[in-house]
C-alpha cells in the first residue's frame with residue numbers, strides 16, 4: 001500500500017484496504033484520483049475527474065464538469081441528484097490556481113492549509129454505464145466565492161470542508177438542502193497560504209515535487 005494512501009485511509013477513516021494510487025503533484029482533469037463516499041462506513045474508490053451524468057448517452061459531456069458552482073447545485077440537472085444522494089470527499093494536500101497579470105500571462109499559485117497536510121474538497125460523483133453495463137465513476141469539485149486570500153488570485157475557490165463538515169457531507173441520511181448549502185461558504189483565509197510555483201505546472205506531463213517549489 002502506498003504510504004500516501006495509508007495517510008488518506010487513516011485521516012478519513014476509510015475501510016478500503018488498498019488502492020492503486022501513486023503520489024501525484026499535478027493532477028489534471030480526466031485523470032483518476034481517490035474519492036471517498038459513505039457506504040457503511042467510508043469507502044475510497046478511484047474516479048475520473050469530470051462528472052458524467054448517469055443519464056448521458058456518451059461517456060463525455062459538451063461542457064466542463066470538473067467544477068460545480070455551489071450556486072447551481074439545486075437547479076442544474078447534472079448536479080441536482082448527486083447533490084442530494086451522491087456526495088463525496090476529494091482528498092488533497094493543496095490546489096493550483098492561476099492569477100492573470102496581463103492579457104497574455106497568468107501566474108500559477110499553490111494554495112494549501114497552514115496547519116493541516118491532508119484535507120478535503122466537497123465533491124459530487126455519478127456512475128455512468130456503457131452498453132454492456134460497465135460502470136465508470138466520475139466526480140466534480142464544488143466551487144464557491146473566494147475568501148480574501150483567494151480573491152487576490154482568482155474569482156472562485158474550491159469548497160474546503162472542516163472535519164465536522166466532512167461527516168455531515170457524507171451522511172446519506174441528510175437531505176436538507178439548507179444544512180448542506182451552509183457548508184458552501186469559503187474557507188477562512190487566515191487558515192490558508194499561497195505561493196507562486198513553477199510554470200511547469202502548466203503541462204500535465206510534468207508531475208514532480210519541483211512544481212511545488214516557491215518561485216519568486
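Checking each residue in the range 41-66 for being within 23 Å of residue 5 (Cα to Cα) and more than 12 Å from the chain's Cα centre (by Cα) picks out 41, 42, 43, 44, 45, 46. Scanning the range 160-205 for residues that are in contact with a helix residue (DSSP H, G or I) (Cβ under 8 Å, 6 or more places away or on another chain), modelled with pLDDT under 95, closer than 25 Å to residue 28 by Cα and part of a loop (DSSP other than H, G, I, E, B) yields a count of 1.
If we keep just the residues of the range 119-132 that are touching a helix residue (DSSP H, G or I) at 6+ places or on another chain (Cβ under 8 Å) and closer than 17 Å to residue 143 by Cβ, which is surrounded by the fewest Cβ atoms within 10 Å (Cβ to Cβ)?
Pass one, the range 119-132, residues touching a helix residue (DSSP H, G or I) at 6+ places or on another chain (Cβ under 8 Å): 120, 122, 124-126.
Next, from what is left, pick out any that are closer than 17 Å to residue 143 by Cβ: 120, 122, 124-125.
Numbers: 120: 25, 122: 28, 124: 27, 125: 20.
Among residues in the range 119-132 that are touching a helix residue (DSSP H, G or I) at 6+ places or on another chain (Cβ under 8 Å) and closer than 17 Å to residue 143 by Cβ, the one surrounded by the fewest Cβ atoms within 10 Å (Cβ to Cβ) is 125.
Taking the range 146-159 as the range and being assigned to a loop (DSSP other than H, G, I, E, B), in contact with a helix residue (DSSP H, G or I) (Cβ under 9 Å, 6 or more places away or on another chain) and either on the phi > 0 side of the Ramachandran plot or without any contact (Cβ under 8 Å) to a residue 60 or more places away in the chain (or both) as the test, the residues that pass are 146, 147, 148, 149. Within the range 57-82, track down each residue that is buried (at least 19 other Cβ atoms within 10 Å of the Cβ) and more than 24 Å from residue 8 (Cβ to Cβ). Those that are buried (at least 19 other Cβ atoms within 10 Å of the Cβ) and more than 24 Å from residue 8 (Cβ to Cβ): 70, 73, 78, 79. Out of 147, 155, one residue alone is under 18 Å from the mean Cα position of the chain (by Cα), farther than 23 Å from residue 11 by Cα, surrounded by 15 or more Cβ atoms within 10 Å (Cβ to Cβ) and at pLDDT 95 or above. It is 147.
Picking from 176, 191, which residue would you name as being free of Cβ contacts under 8 Å to residues at least 60 places away in the same chain and more than 17 Å from the chain's Cα centre (by Cα)?
It is 176.
Summed over the range 28-43, the residues that are buried (at least 16 other Cβ atoms within 10 Å of the Cβ) and touching a residue at least 40 places away in the same chain (Cβ under 8 Å) give a count of 7. Taking the criterion of being farther than 20 Å from residue 28 by Cα and either touching a strand residue (DSSP E or B) at 6+ places or on another chain (Cβ under 6 Å) or assigned to a strand (DSSP E or B) (or both), the residues of the range 42-55 that qualify are 42, 43, 54. Taken over the range 19-41, the criterion of being out of contact with any helix residue (DSSP H, G or I) (no Cβ under 8 Å at 6 or more places or on another chain) and in a strand (DSSP E or B) is satisfied by 32, 33, 35.
Does the range 109-118 contain at least one residue that is closer than 28 Å to residue 175 by Cα, surrounded by 19 or more Cβ atoms within 10 Å (Cβ to Cβ), in contact (Cβ under 8 Å) with a residue 24 or more places away in the chain and touching a helix residue (DSSP H, G or I) at 6+ places or on another chain (Cβ under 7 Å)? Scanning the range 109-118 turns up no residue that is closer than 28 Å to residue 175 by Cα, surrounded by 19 or more Cβ atoms within 10 Å (Cβ to Cβ), in contact (Cβ under 8 Å) with a residue 24 or more places away in the chain and touching a helix residue (DSSP H, G or I) at 6+ places or on another chain (Cβ under 7 Å). As a summary of the residue check, residue 16 satisfies the conditions (1) without any contact (Cβ under 8 Å) to a residue 60 or more places away in the chain; (2) within 25 Å of residue 164 (Cα to Cα); (3) in contact with a strand residue (DSSP E or B) (Cβ under 7 Å, 6 or more places away or on another chain); (4) not in a loop (DSSP other than H, G, I, E, B) except for the one numbered (4). The set of residues from the range 206-216 being in a helix (DSSP H, G or I) and touching a helix residue (DSSP H, G or I) at 6+ places or on another chain (Cβ under 8 Å) comprises 210, 211.
The values are calculated or read from the model by the stated rules, or taken from the named source; none is laboratory data. Everything numeric in this text was worked out from a predicted model, so none of it was measured. Positions of Cβ are backbone-derived with ideal geometry, glycine not excepted, and every protein chain shown enters the neighbour counts.
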